[in-house]
Amino acid sequence: IQSALGLAKIDVRFPLLFLNQLLLRCCFMLILFLYGLKQLTLAIPKKLFCILPCVLGSFNQIVQQSVSAELDFAIEDGVAVVNMIGDIMDVNTSHARLLGYERKEELLEKTFLETVSEVNRNRVSRDMEKAIEQEISLERTEFMMITQDGNEVAVEMSPSNLKDTYGDIMGFVFVLRD
């Protein structure tokens, strides 16, 4: 059974990812089994095979959410997703810790520029506006950010434009390292 499910290939360092991979493989084996029965006996109702894509779609969404949660803790650099007007849409746990927050949800109530030191705020704001207006990528830069307790921390930012399906900039992904 272990080799049939490919358990030897599953990375057990991340428990949720391990469980999701195991469930996904078991589900796949069940589908193959049911498909084989259908081919042999034609005894399985067609309705079952009509709902399988829906079940698998929901299952894949759960797996993706779990993988996202595992990656959130695995990535050491701070990551912030910021929309065009500067609202923080999402951050990872490392970003929150970098700025001294216990929960990343506390940062979702702020704009990105509110977390940037006053000394650097105008420059960062101009760079963001320029990137949107001229449809260019921001350059890697260093600046100071404000921690939750009001201190400042120096960070290096590697920005990427976040584009929609038409190629228009709809925000930014900032990767921050202290």
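Please give the solvent-accessible surface of residue 163 in Å², to the nearest 10, using a probe radius of 1.4 Å with every protein chain present.
Approximately 110 Å² of residue 163 is accessible to the 1.4 Å probe.
Looking at the stretch 113-178, what % of the alpha carbon pairs are farther apart than 17 Å?
Cα-Cα pairs in the stretch 113-178 separated by more than 17 Å: 42 percent.
Compute the distance in nm between two label points, each set 7 Å from the Cα along the Cα-to-Cβ direction, one at residue 77 and one at residue 117.
2.1 nm
Can you send over the solvent-accessible area of residue 142, 1.4 Å probe, protein chains only, in Å² to the nearest 10?
It works out to around 130 Å².
Which order do you get for 126, 121 if you rank them by accessible area with a 1.4 Å probe, largest at the top?
My answer, sorted largest first, is 126, 121.
Between residue 130 and residue 97, what is the label-point separation in nm under the 7 Å Cα-to-beta-carbon projection?
Placing both labels 7 Å beyond Cα along the Cβ direction yields 3.4 nm.
Mean separation of Cα pairs under 8 Å and 6+ residues apart, divided by the residue count of the stretch 75-178: what relative contact order is that in percent? Mind showing how you got there, number by number?
On the way: 198 pairs, mean separation 30.6, N = 104.
Averaging sequence separation for qualifying contacts and normalising by length gives 29 percent for the stretch 75-178.
Can you give me the solvent accessible area of residue 178 with a 1.4 Å probe, rounded to the nearest 10 Å²?
Only protein atoms counted, so the area is about 130 Å².
The values are calculated or read from the model by the stated rules, or taken from the named source; none is laboratory data. Because the structure is predicted, anything quoted here is derived from the model rather than measured. Cβ sites come from the backbone with ideal geometry, for glycine too, and all protein chains shown count toward neighbours. Remember, those area values only see protein heavy atoms, side chains included, never the ligands or the DNA or RNA. Shrake-Rupley method; radii C 1.70, N 1.55, O 1.52, S 1.80 Å.
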